[in-house]
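**Student:** Pasting a structure below so you can have a look.
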Amino acid sequence: GKAKLADGHWPELTVFKDEQALFKHVFAEARKEARAAAGGGRRVAVLCPSDEVFDRYLKAAGGQHKDSVLPIDSRQPSSELRHAGKRFIFSMPEYVAGLQFDTVFLIHVDAKEAPRDASLGVRRRFISNVYLGSSRAEQMLRISACASRGGPSDVLEMALQRGSLRLSQI
């Protein structure tokens, strides 16, 4: 078979020095993408596979990016999605299962989330969330990790080695 769609952008992995740099950069980029996207911000999502980080960022985004973010914090369908305007979606992969976005920023794919010595259940859940979040992207996937949280997770090693994921540093 042949794909009818043109090739999209290369997925890229950016490693930030700390959480503050990651939050500041990714949320600013998502805001810029949402304002420029045809169809509005509902076509742009920042997804976080970490419960702990998601809860912290949800509070921070509500203060610093209140007018730019539409949080989805449960699996319950939200009628607000239709009225996102120029706001981008901030959620966890499991809450947006079944939805597609032009651009997905998958944040905190960190080694700390599922270290090599973690239980099989912890690693499976993390890998499942990374896959689910990545598969929400139709055109552009930007993955990020934080050096202060152990750098990129080892679950990304094969993609990096094969060249299907490009690495950049900020």
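The values are calculated or read from the model by the stated rules, or taken from the named source; none is laboratory data. Predicted model only: the values in this text are computed from it and were never measured. Ideal geometry is used to build each Cβ from the backbone, glycine not excepted, and the neighbour counts take in all protein chains shown. Side chains included, ligands, DNA and RNA excluded: accessible areas come from the protein's heavy atoms. Shrake-Rupley method; radii C 1.70, N 1.55, O 1.52, S 1.80 Å.
**Student:** Only one of 105, 126 is over 16 Å from residue 26 (Cβ atoms), open to solvent by less than 30 Å² (accessible area, probe 1.4 Å) and touching a residue at least 12 places away in the same chain (Cβ under 8 Å); which?
**Tutor:** On the way: 105 fails: over 16 Å from residue 26 (Cβ atoms).
Matching residue, one of 105, 126: 126.
**Student:** For the list (1) under 16 Å from residue 156 (Cβ atoms); (2) assigned to a loop (DSSP other than H, G, I, E, B), I need the number of the one condition that residue 67 fails.
**Tutor:** Every condition holds for residue 67 apart from (1).
**Student:** Here's another thing I want to ask about it. What do you reckon, is residue 75 within 22 Å of residue 14 (Cα to Cα) and open to solvent by 40 Å² or more (accessible area, probe 1.4 Å)? I'd like the intermediate steps shown before the answer.
**Tutor:** On the way: within 22 Å of residue 14 (Cα to Cα): no; open to solvent by 40 Å² or more (accessible area, probe 1.4 Å): yes.
No, not satisfied.
**Student:** Suppose we filter 133, 98 for residues that are of a type outside the set (Ser, Thr, Tyr) and part of a loop (DSSP other than H, G, I, E, B); which single one remains?
**Tutor:** Numbers: 133 fails: part of a loop (DSSP other than H, G, I, E, B).
After ruling out the rest, the residue left standing is 98.
**Student:** If you don't mind, another one. Quick check on segment 136-170: of everything there that is aliphatic (A, V, I, L, M) and part of a helix (DSSP H, G or I), which residue is most open to solvent (accessible area, probe 1.4 Å)? Reasoning before the result, please.
**Tutor:** Narrowing segment 136-170 to residues aliphatic (A, V, I, L, M): 137, 140-141, 143, 145, 147, 155-156, 158-160, 165, 167, 170.
Now restrict to residues that are part of a helix (DSSP H, G or I): 147, 155-156, 158-160.
Details: 147: 57, 155: 45, 156: 12, 158: 111, 159: 31, 160: 57 Å².
Here the residue is 158.
**Student:** Residue 46 is checked against (1) surrounded by 12 or more Cβ atoms within 10 Å (Cβ to Cβ); (2) modelled with pLDDT under 95; (3) not basic (Lys, Arg) and fails just one. What number does that condition carry?
**Tutor:** The number of the failed condition is (2).
**Student:** Right, next: Write out, first by first residue and then by second, each pair whose Cβ atoms fall under 9 Å of each other, whose residues are 6+ apart or on separate chains, and whose first residue, in segment 53-72, is closer than 14 Å to residue 20 by Cα and open to solvent by 30 Å² or more (accessible area, probe 1.4 Å) while the second is at pLDDT below 90 and small (Gly, Ala, Ser).
**Tutor:** That search, which allows pairs on different chains as well, returns nothing.
**Student:** Out of all the residues in segment 135-150, is one or more among the hydroxyl-bearing types (Ser, Thr, Tyr), closer than 24 Å to residue 43 by Cβ and touching a Phe, Trp or Tyr at 6+ places or on another chain (Cβ under 8 Å)? Spell out the reasoning first.
**Tutor:** The first filter runs over segment 135-150 and keeps only residues among the hydroxyl-bearing types (Ser, Thr, Tyr), leaving 135, 144, 148.
Next, from what is left, pick out any that are closer than 24 Å to residue 43 by Cβ: 135, 144.
Among the residues that remain, those that are also touching a Phe, Trp or Tyr at 6+ places or on another chain (Cβ under 8 Å) are: 144.
The answer is yes; a qualifying residue exists.
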